[in-house]
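Step one of this worksheet: look at the structure below.
The values are calculated or read from the model by the stated rules, or taken from the named source; none is laboratory data. Computed from a predicted model, the values in this text were never measured in an experiment. Neighbour counts run over all protein chains shown; Cβ positions are idealised from the backbone, glycine included.
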Amino acid sequence: MAQAATQITSVRMWPAQDYTRVTLETREPVRYKLLSLKDPERLVLDLEEVDITATLTSLPEKVGADDPYVKGVRIGRFKPGVVRLVFDLKSEVKPQAFTLAPIGDYGYRLVLDLYPLEPPDPLLAFLDRLQGQREESPGGAGPEQTAPGPARQPAPKARPTPKKPEVARLIIVAVDAGHGGEDPGARGRGGTYEKNVTLAIAKKLKARADQEPNMRAVLIRDGDYFMPLQMRIAKARRIRADLFVSIHADAFIKPNARGSSVFALSERGATSTAAQWLAKRENEADLIGGVNLDVPDPYLKQTLLDLSQTATINDSLKLARAVLSELGSINALHKPQVEQAGFAVLKSPDIPSILVETAFISNPEEERKLRSGPHQEKVSEAIFVGIKRYFANNPPLARERLVQNP
Ligand SMILES: [Zn+2]
């Protein structure tokens, strides 16, 4: 049987500080070999039995000057039956190549992820600086006895701080724009992608929170790239976020479904079939976005619920109620109460976490609103006011240190 060469149907690049992803999409799986070369740093990806088509040769044009890791791509026939892609790098990377089986609208995908040797952490640097400047909350209660973790040092004595507001320490809010990159999320009839709406609202929420003197928001993703759900949790924990807000705008089969809803994690089953269905869809993000299953999940431990989860869920519910009631003043509510289900992205054992469905992108009227800057502003303001109300009633505990040094 004569072997026909495979056509590459689409090539995509998703540059980001966290990692740069290259995706080659095909109708059949492609055999490949990956090797790293030094002096200068390069990655070589050899593809067996593929045609050099205009689609493939468009890849070099997709390398942006601001790509953190890739300088350029060269493509050529290496030997009969092998096409060679050479990625010229800006610095040494940790590469991973893997294939994904067809799912959703995608065919087979050959994915090349370029990770930095050290994960970038602008916030950690920021917190390190800040740590030198700020002290513990004057309440000085120190961590609760029940706090998890290894044997604790005695909490430092609170300095006599005359007449300061009750919350002196910085509150860090992790703002998670749902979906991104290879995972577009839901799509409105007018062509709006959930991933773009969530990022726009997330950026507005961050800008609003950063105006508060004792609050800083950190975007879990700040561009159009895919982040696995576990990586989102890991990032929130690395920055020691006080809470985690995941922003979404999902779809339903019926175009008349409308309104905002807010969700928290459930340890036992979902509070409704709709919530269960939604959590299942959200958890599929990793399948659509594409996670390398051959690499043992370094965050696996963190998905296991521990004793502290119940307390965290109680706090999540308080936060969710505060945010839901604020959203009710700017939009119809899909359900008048907070719902719970097994959302993977809400499983931080120690960070109160909520998932906000800002509106239904599948509803043409709500899709229009979601695209509008002023409406995005209102949504982010409502979430922000909810967060503030939550902290007014549940002041954060003092921290021994803002950053846990290794
Ligand atoms: Zn979503």
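Within the bounds of segment 371-393, is there any residue that is in contact (Cβ under 8 Å) with a residue 40 or more places away in the chain, in contact with a Gly (Cβ under 7 Å, 6 or more places away or on another chain), acidic (Asp, Glu) and in the same structural domain as Glu282 (by TED's automatic domain parsing)? Taking every residue of segment 371-393 in turn, none turns out to be in contact (Cβ under 8 Å) with a residue 40 or more places away in the chain, in contact with a Gly (Cβ under 7 Å, 6 or more places away or on another chain), acidic (Asp, Glu) and in the same structural domain as Glu282 (by TED's automatic domain parsing). Of all residues in segment 161-200, those that are within 16 Å of the ligand (Cβ to nearest atom) and either on the phi < 0 side of the Ramachandran plot or modelled with pLDDT under 95 (or both) total 19.
Every residue, every condition in (1) in a helix (DSSP H, G or I); (2) in the same structural domain as Val262 (by TED's automatic domain parsing); (3) of a type outside the set (Phe, Trp, Tyr); (4) modelled with pLDDT under 95, yes or no:
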site: Pro298; (1), (2), (3), (4): no, yes, yes, yes
site: Ser316; (1), (2), (3), (4): yes, yes, yes, no
site: Ala322; (1), (2), (3), (4): yes, yes, yes, no
site: Pro349; (1), (2), (3), (4): no, yes, yes, yes
site: Ile361; (1), (2), (3), (4): no, yes, yes, no
site: Lys369; (1), (2), (3), (4): yes, yes, yes, no
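Whenever a residue of segment 96-121 is not assigned by TED's automatic domain parsing to the domain that holds Leu293 and hydroxyl-bearing (Ser, Thr, Tyr), its partners that are assigned to a loop (DSSP other than H, G, I, E, B) and surrounded by fewer than 18 Cβ atoms within 10 Å (Cβ to Cβ), lying with C-beta atoms within less than 8 angstrom and at least six residues away or across chains, give the pairs Thr99/Pro29; Tyr108/Arg27; Tyr108/Glu28; Tyr108/Pro29; Tyr108/Ala101; Tyr108/Pro102. For segment 344-398, residues that are out of contact with any Pro (no Cβ under 9 Å at 6 or more places or on another chain), small (Gly, Ala, Ser) and within 16 Å of the ligand (Cβ to nearest atom) total 3.
Taking segment 89-109 as the range and being assigned to a strand (DSSP E or B) and surrounded by 15 or more Cβ atoms within 10 Å (Cβ to Cβ) as the test, the residues that pass are Leu89, Val93, Pro95, Gln96, Ala97, Phe98, Thr99, Leu100, Tyr106, Tyr108, Arg109. When restricted to residues that are more than 16 Å from the ligand (Cβ to nearest atom) and of a type in the set (Gly, Ala, Ser), segment 271-289 contains 1. Testing Ala249 on (1) within 13 Å of the ligand (Cβ to nearest atom); (2) over 18 Å from Val379 (Cβ atoms), one condition comes back false. Which one is that? Status for Ala249: all satisfied but (2). Comparison of Ala398, Ala392, Ala344 shows that the only residue that is touching a helix residue (DSSP H, G or I) at 6+ places or on another chain (Cβ under 6 Å) and among the small types (Gly, Ala, Ser) is Ala344. Return a yes/no flag: does segment 209-218 have any residue that is within 16 Å of the ligand (Cβ to nearest atom) and either closer than 25 Å to Asn292 by Cβ or modelled with pLDDT of 95 or more (or both). Looking for residues that are within 16 Å of the ligand (Cβ to nearest atom) and either closer than 25 Å to Asn292 by Cβ or modelled with pLDDT of 95 or more (or both), one finds none in segment 209-218, hence no. Note on segment 1-80: enclosed strands (runs of 3 or more DSSP E) holding 3 or more residues that are among the β-branched types (Val, Ile, Thr), touching a residue at least 40 places away in the same chain (Cβ under 8 Å) and buried (at least 18 other Cβ atoms within 10 Å of the Cβ) are 20-26. In this structure, Arg268 does not satisfy being basic (Lys, Arg), within 17 Å of Leu346 (Cβ to Cβ) and surrounded by 24 or more Cβ atoms within 10 Å (Cβ to Cβ). Within segment 354-398, the set of residues being of a type in the set (D, E, K, R) and over 19 Å from the mean Cα position of the chain (by Cα) comprises Glu365, Glu366, Glu367, Arg368, Lys369, Arg371, Glu377, Lys378, Glu381, Lys388, Arg389.
Which members of segment 174-205 meet the condition of being outside any helix (DSSP H, G or I) and among the small types (Gly, Ala, Ser)? Answer for segment 174-205, where residues must be outside any helix (DSSP H, G or I) and among the small types (Gly, Ala, Ser): Ala174, Ala177, Gly178, Gly180, Gly181, Gly185, Ala186, Gly188, Gly190, Gly191.
Residues are listed down the side, and each one gets a yes or a no for (1) of a type in the set (S, T, N, Q); (2) touching a residue at least 24 places away in the same chain (Cβ under 8 Å); (3) surrounded by fewer than 20 Cβ atoms within 10 Å (Cβ to Cβ):
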position: Val197; (1), (2), (3): no, yes, no
position: Gln211; (1), (2), (3): yes, no, yes
position: Met227; (1), (2), (3): no, yes, no
position: Gln230; (1), (2), (3): yes, yes, yes
position: Ala234; (1), (2), (3): no, yes, yes
position: Asp250; (1), (2), (3): no, yes, no
position: Ser261; (1), (2), (3): yes, yes, no
position: Ser272; (1), (2), (3): yes, yes, yes
position: Glu282; (1), (2), (3): no, yes, no
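Residue count for segment 104-127 under the criterion of being farther than 18 Å from Tyr225 by Cβ and at pLDDT 95 or above: the result is 2. Checked against the criterion of being within 16 Å of the ligand (Cβ to nearest atom) and charged (D, E, K, R), segment 222-238 has at least one qualifying residue.
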